[in-house]
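Undergrad: Once you've had a glance at the structure underneath, I'll fire off some questions.
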Amino acid sequence: MQMIRTPEDETEARAIQDELRGLVVRDEPGPPPGTGLVTGVDVAYDDERDVVAAAAVVLDAATLAVVEEATAVGTVAFPYVPGLLAFREIPTVLAALEALSSDPGLVVCDGYGRAHPRRFGLAAHLGVLTGLPVIGVAKNPFTFSYEQPGGRRGDSSPLLADDGEEVGRALRTREGVKPVFVSVGHRVDLANACAHTLRLARDYRLPESTRRADALCRRALREATG
DNA sequence: GCGACAG
DNA sequence: ATCTTGTCGC
């Protein structure tokens, strides 16, 4: 049940991105922070055996308590190429999401959405394929530039593309700790994406959703591989 | 042509 | 992403 087309090469992959980019919805604020469900997704790889494991962890947005977990294991179908990450991750992530009985609510993934060379990163791609509201929270600035945000939790600064567009924000989630990089994927605006991220990063630098998904997909990979 | 580059 | 020990600190 892979709704993603696995391209034959990089040229085809970029063409798919250019085609799907027009389907991204950017004029919806998205679900209000702190209510409903939030689902973190992440993947881990065993490049030796071409195995990939994905995890989806559903949290109660208000308490950050785990509501449901699901995993999926698959075969790596595409190499890692900067700008084409979605083709490597999404097939297995979709399988994990489909294994959930809960409605995922807002989906939070590792990596970027709008902040992408062709403005169609992983979070945007996943959003278009599922129709769900999705945001991306990355651990480094990729190719984008930014000024260091203030040192306090909640401080942020624009993440800028070469053409000057604000494609995301560098958001300080912990005092004096390196910021995270937030960008919108689908059906969520940037201010709301940052608000969600800040609530999810209540106890650590990274959102609880991605921390939980990261731990789970590593465990799934270990159990699938050995 | 070279370097850099989410995970 | 992944390869990888100990170590400083709350």
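Undergrad: Highest first, please rank the peptides A:5-12, A:151-158 by the mean number of other Cβ atoms sitting within 10 Å of their residues.
TA: The packing order, highest mean first, is A:151-158, A:5-12.
Undergrad: Now for a separate question. In nm, what is the difference between 0.36 nm times the number of residues separating A:Asp103 and A:Asp47 and their Cα-Cα distance?
TA: 17.0 nm
Undergrad: Follow-up. So what's Rg/Rh here for the range A:134-180, counting alpha carbon atoms and using the Kirkwood radius for Rh?
TA: Rounded to two decimals, Rg/Rh equals 0.96.
Undergrad: Run the simple label-point estimate for A:Glu19 and A:Thr225 please: 7 Å along Cα→C-beta, distance reported in nm.
TA: Calculated label separation equals 3.3 nm.
Undergrad: Rounded to the nearest 20 debye, what is the charge dipole size of the range A:34-224 about its Cα centre when +1 sits on each Lys and Arg Cβ and -1 on each Asp and Glu Cβ?
TA: Its charge dipole is roughly 460 debye.
Undergrad: Would you please give the residues with an amide H less than 5 Å from that of A:Val107, counting only those at least 5 places away or on a separate chain, with H modeled from the backbone geometry?
TA: A:Thr39, A:Val134, A:Ile135
Undergrad: Within a Cβ distance under 10 Å of A:Arg187, other residues only, what is the Lys/Arg minus Asp/Glu net charge?
TA: Once positives and negatives cancel, what remains is -2.
Undergrad: For the range A:1-61, what is the Kirkwood hydrodynamic radius in Å, using each pair of distinct C-alpha atoms?
TA: 15.2 Å
Undergrad: Tell me, in nm to one decimal, what length is gained between A:Asn140 and A:Asp9 on full extension, where the rule is 0.36 nm per residue of separation less the Cα-Cα distance?
TA: Separation in residues times 0.36 nm, less the Cα-Cα distance, equals 44.5 nm.
Undergrad: For the range A:43-181, calculate the relative contact order in percent as a whole number, restricting contacts to Cα pairs under 8 Å that are 6 or more residues apart.
TA: Reported as a whole number, the value is 15 percent.
Undergrad: Return the percentage of antiparallel bridges among DSSP beta bridges fully within the range A:48-136, rounded to the nearest 5 %.
TA: 75 percent
Undergrad: Measure off 7 Å from each Cα along the Cα-to-Cβ vector at A:Arg153 and A:Ala65, then give the distance between these two points in nanometres to one decimal.
TA: So the label points at A:Arg153 and A:Ala65 sit 2.1 nm apart.
Undergrad: Using only the Cα atoms, what convex hull volume per residue in Å³ does the range A:34-224 have?
TA: Hull volume over Cα atoms, normalised by residue count, gives 107 Å³.
Quick note: the coordinates plus some simple rules give every number you see, no bench work behind them. Given the structure is predicted, the values throughout are model-derived calculations rather than measurements. Quick reminder, even Gly has a Cβ in these numbers, built from the backbone with ideal geometry, and neighbours come from all protein chains shown.
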